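Following: one structure in structure tokens, then a few remarks.
Computed from the coordinates by the stated procedures, all read-outs in this text should not be read as laboratory data. It should be emphasised that the depicted structure is a prediction, and the values quoted were computed from it without experimental measurement. With ideal geometry, Cβ positions are generated from the backbone for all residues, glycine too; neighbour counts draw on all protein chains shown.
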Amino acid sequence: MLRYYIYISKTKIDMLYPQIPPDFLAAAEAELKVNLGVISTGLKSRSPDPPKELAGRTGVLAEYIRKYEKVGSPDAPETWFQSEARLRWGVVREYASDIALFGGRIGNRTVALLGSSESILGAAETGESQHALFYYTLRFFNGVLDGHAQLTGEQPPYFSWRDAVDIGLRALPGTEHQVNFLARVVYAERELLVGTPLYVALA
């Protein structure tokens with residue numbers, strides 16, 4: 001199935017793709033080559049700059065995660081969760097820090113997807129948080145994405161997870177888009193789910 005990707009996490013691709021077992025990788029790349037015309041040797045590169053190769057590796061990794069990892073939904077997340085929903089998205093900025101944010105209400109929860117602004121494919125609208133201290137929260141979020149922040153029991157600086165997500169969502173442009181995504185859980189409570197996406201695509 002062809003996807004119009006608007007976000008792909010190059011960090012996750014570079015980290016997780018080499019861990020796919022060779023037998024699964026060979027079969028998936030062969031099928032992808034037939035279906036999409038993606039050159040298999042390009043898929044084996046560790047730095048897939050051409051969009052076609054990056055999209056191909058994203059599809060292979062997503063297929064592997066769905067088959068062998070725990071994947072749930074926003075209402076019942078596992079290690080990963082996936083959905084199709086109408087979300088607002090863009091880049092939230094404060095001073096010298098920013099983050100890509102996709103968010104909205106899905107089922108019984110507010111869902112926020114945090115990602116690197118460098119992983120957005122194409123242009124994105126940008127909104128200012130209008131909270132000076134939110135700069136430190138954005139730095140914390142980027143530390144989470146880089147693996148530098150410890151997630152167990154840790155709250156963002158100056159704001160709770162709920163308050164931080166609310167500030168970010170208020171800063172986003174107002175237009176919603178129908179998207180589908182696959183994301184890893186970062187933080188969950190009864191009415192809030194925060195994740196970091198492998199990809200987000202227009203549905």
*Roughly how tilted is helix 134-146, in degrees to the nearest 10 and between 0 and 90, from the longest Cα axis of the chain?*
20
*asked:* What is the angle, in °, between the Cα long axis of helix 51-68 and the longest principal axis of the Cα atoms in the chain? Nearest 10 is fine, range 0 to 90.
replied: 90
*Which of the peptides 125-133, 182-190 is most tightly packed, and how do the rest follow, judged by the mean count of other Cβ atoms within 10 Å per residue?*
182-190, 125-133
*So what are the ³J(HN,Hα) numbers for region 183-190, from phi and the Karplus equation (6.51, -1.76, 1.60; θ = phi - 60°), rounded to whole Hz, Gly and Pro as x?*
9, 8, 5, 10, 7, 9, 9, 3
*Which number gives the lysine pairs in the chain that have C-alpha atoms under 18 Å apart and are eight or more places apart or on different chains?*
9
*asked:* Restricting to Cα pairs below 8 Å that are 6+ residues apart, what does the relative contact order work out to for the chain? Please round to a whole percent.
replied: 27
*Rounded to whole Hz, the Karplus (6.51, -1.76, 1.60) HN-Hα couplings of region 79-93, x for glycine and proline*: 4, 10, 8, 9, 5, 10, 7, 8, 10, 8, 7, x, 10, 9, 10
_Under a Cβ-only charge scheme (Lys and Arg +1, Asp and Glu -1), can you give me the dipole magnitude of region 84-173 about the Cα centre, in debye to the nearest 20?_
320
